[in-house]
Amino acid sequence: MGDKSPFSVRFWGVRGSIACPGPRTARYGGNTSSVEVRCGDRLLMFDAGTGLRYLGKSLDGARLDTDLFFTHTHFDHVCGLPFFRPLFQPQNKFRLWSGHLRGAMTLKRVLAEFMMAPLFPVPPEVFRSSLEYRDFSGGETLTPAPGVSVRTAVLNHPDGATGYRVEYGGRAVCYVTDTEHVPGAPDKNILKLIDGADLVVYDSMYTDEEYRKFVGWGHSTWQEGVRLCKLAGAKRMVVFHHDPDHDDEMLDAIAREVDKALPGSVVAHEGLVLEP
Ligand SMILES: [Zn+2]
Ligand SMILES: [Zn+2]
């Protein structure tokens, strides 16, 4: 394989926990998780943070038959969904996937409960496009389209989360957020998922120094991401799910360090497009 069919990743939201627009985050951006992956003419979307609203605007007028994968349903990863305009257009078809609920809940019910009065003015029934909910178990391999394989893995996060590996045209992109590491014990699920991958988007909420104060909060560090990539022979890492308190200056400093630690690695910012 290794052909030249277009395979790209575009970042629409790169923050963790809560959106944080403002002058101190203007360059990297303040929107929460939303990532677009293009495999030839197939569109895959990951998470529905506030960045999803902008992805929706870019798709205006398109006729969509596409997949949205949730890492999990914490608020910062779902709150953009009702503001995703293509859901209000009847010509569109969406499959919504989640693998972290383990039968305790369905994705359909979780989303209905967050879009419920008096927390939210309208229920999911306002969406006009055709919606299919697909609950799976972390670890399964999904085939959303011919030639596109999506492997999944269970992550270590409160209430669960799922990591993804998209394989297309002989290349692989991994999306691994939200997850907490155990210092000194590399996560075997993640090592298997990112084995030899071309690009790994990784939960880099903290630095190793900060992490000591946040044990148990469900997040990792860019340094752990580099360690995992090196162990797994993954080529490049993308620092992602930035702490809202990490301003542009701090992210610039991390960008210099991560490129030194694993050459070609970068810090995600809104609008960044990468090819694996
Ligand atoms: Zn998050
Ligand atoms: Zn989370």
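Given a Förster radius of 30 Å and the C-beta distance between VAL182 and GLN91 as r, what FRET efficiency does 1/(1 + (r/R0)^6) yield to the nearest 0.05?
So the FRET efficiency works out to roughly 0.05.
A full extension of the chain between PHE75 and ASP60 corresponds to an added length of 2.9 nm, given 0.36 nm per residue minus the alpha carbon distance. Within the listed set ARG53, ARG24, ARG236, the Gaussian network model of the chain (springs between alpha-carbon atoms below 10 Å) gives the highest mean-square fluctuation for ARG24. Residue pairs exceeding 24 angstrom between C-alpha atoms, taken from LYS213/LYS235; LYS192/LYS235; LYS188/LYS235; LYS93/LYS188; LYS188/LYS230: LYS213/LYS235; LYS93/LYS188.
Can you give the calculated 222 nm mean residue ellipticity of the chain, where each DSSP H run of n ≥ 4 adds -39,500 (n - 2.57) and the sum is split over every residue, rounded to the nearest 500 deg cm²/dmol?
Rounded to the nearest 500, the figure is -5000 deg cm²/dmol.
When the accessible area of the chain is split by element with a 1.4 Å probe, what percent falls to carbon and sulfur? Of all accessible area on the chain, carbon and sulfur atoms account for 55 percent.
Extending 7 Å from Cα along the Cβ direction at TYR133 and again at PHE83 yields two label points whose distance is 2.3 nm. Measuring between their Cα centroids, the stretch 82-142 and the stretch 17-36 lie 23 Å from each other. Each peptide in 90-96, 7-13 receives the mean, over its residues, of other Cβ atoms within 10 Å, and ordering these scores from highest gives 7-13, 90-96. Take the chain with all the other protein chains still there, run a 1.4 Å probe, and you get 43 Å² of accessible area per residue. Scanning residues 5 or more positions from HIS242 or on other chains, those with amide H under 5 Å from its amide H are ARG15, GLY16, with H placed 1.01 Å from N in the peptide plane. Anisotropy class assigned to the stretch 125-200 is oblate, per the alpha carbon gyration tensor with a/c at or over the 1.5 cut-off and a/b no larger than b/c.
Cβ under 13 Å from VAL37's Cβ, VAL37 left aside: what net charge do those residues give with Lys, Arg +1 and Asp, Glu -1?
After counting each charged neighbour, the total is -2.
Rounding to the nearest 10 and keeping the result within 0 to 90°, find how far the Cα-based axis of helix 248-261 lies from the longest principal axis of the chain. Long axis of 248-261 versus the principal axis of the chain: about 60 degrees.
A simple spin-label model places pseudo-atoms 7 Å from Cα toward Cβ; at PHE214 and ALA112 they are separated by 3.5 nm.
Hey, in the GNM for the chain with a 10 angstrom Cα cutoff, which one of PHE120, PHE136, PHE69 fluctuates hardest? For the chain, modelled as a Gaussian network with Cα springs under 10 Å, the answer is PHE120. Taking amide H atoms as placed 1.01 Å from N in the peptide plane, the amide H of PHE69 lies under 5 Å from those of MET45, PHE46, ASP47, TRP97, each 5 or more residues away in sequence or on another chain. Using alpha-carbon positions, what is the distance between the centroids of the stretch 176-226 and the stretch 244-276, in Å? Answer, in whole Å: 15. Within the listed set ARG102, ARG42, ARG212, the Gaussian network model of the chain (springs between alpha-carbon atoms below 10 Å) gives the highest mean-square fluctuation for ARG212. Tell me the angle of helix 222-232 to the major Cα principal axis of the chain, expressed in degrees between 0 and 90 and rounded to the nearest ten. Value to nearest ten degrees: 80.
Taking the DSSP bridge list for the chain and keeping only pairs wholly inside it, about 50 percent are antiparallel. On full extension, the segment bounded by ASP41 and ASP252 gains 72.6 nm, given 0.36 nm per residue less the C-alpha separation.
When +1 charges are put on Lys and Arg Cβ atoms and -1 charges on Asp and Glu Cβ atoms, the dipole computed for the chain relative to its Cα centre reaches about 680 debye.
Give me the dipole magnitude in Debye, nearest 20, for the stretch 164-276 about the Cα centre, with unit charges on the beta carbon: positive for Lys and Arg, negative for Asp and Glu.
Roughly 700 debye, rounded to the nearest 20.
Remark: the stretch 1-129 carries a charge dipole of roughly 160 debye about the Cα centre, counting +1 on each Lys and Arg Cβ and -1 on each Asp and Glu Cβ.
The values are calculated or read from the model by the stated rules, or taken from the named source; none is laboratory data. Quantities reported herein were computed from a predicted structural model and do not represent experimental measurements. Cβ coordinates were reconstructed from backbone atoms using ideal geometry, including for glycine residues, and neighbour counts include every protein chain displayed. Heads up: the accessible areas ignore ligands, DNA and RNA and are worked out on the full protein's heavy atoms, side chains in. Shrake-Rupley method; radii C 1.70, N 1.55, O 1.52, S 1.80 Å.
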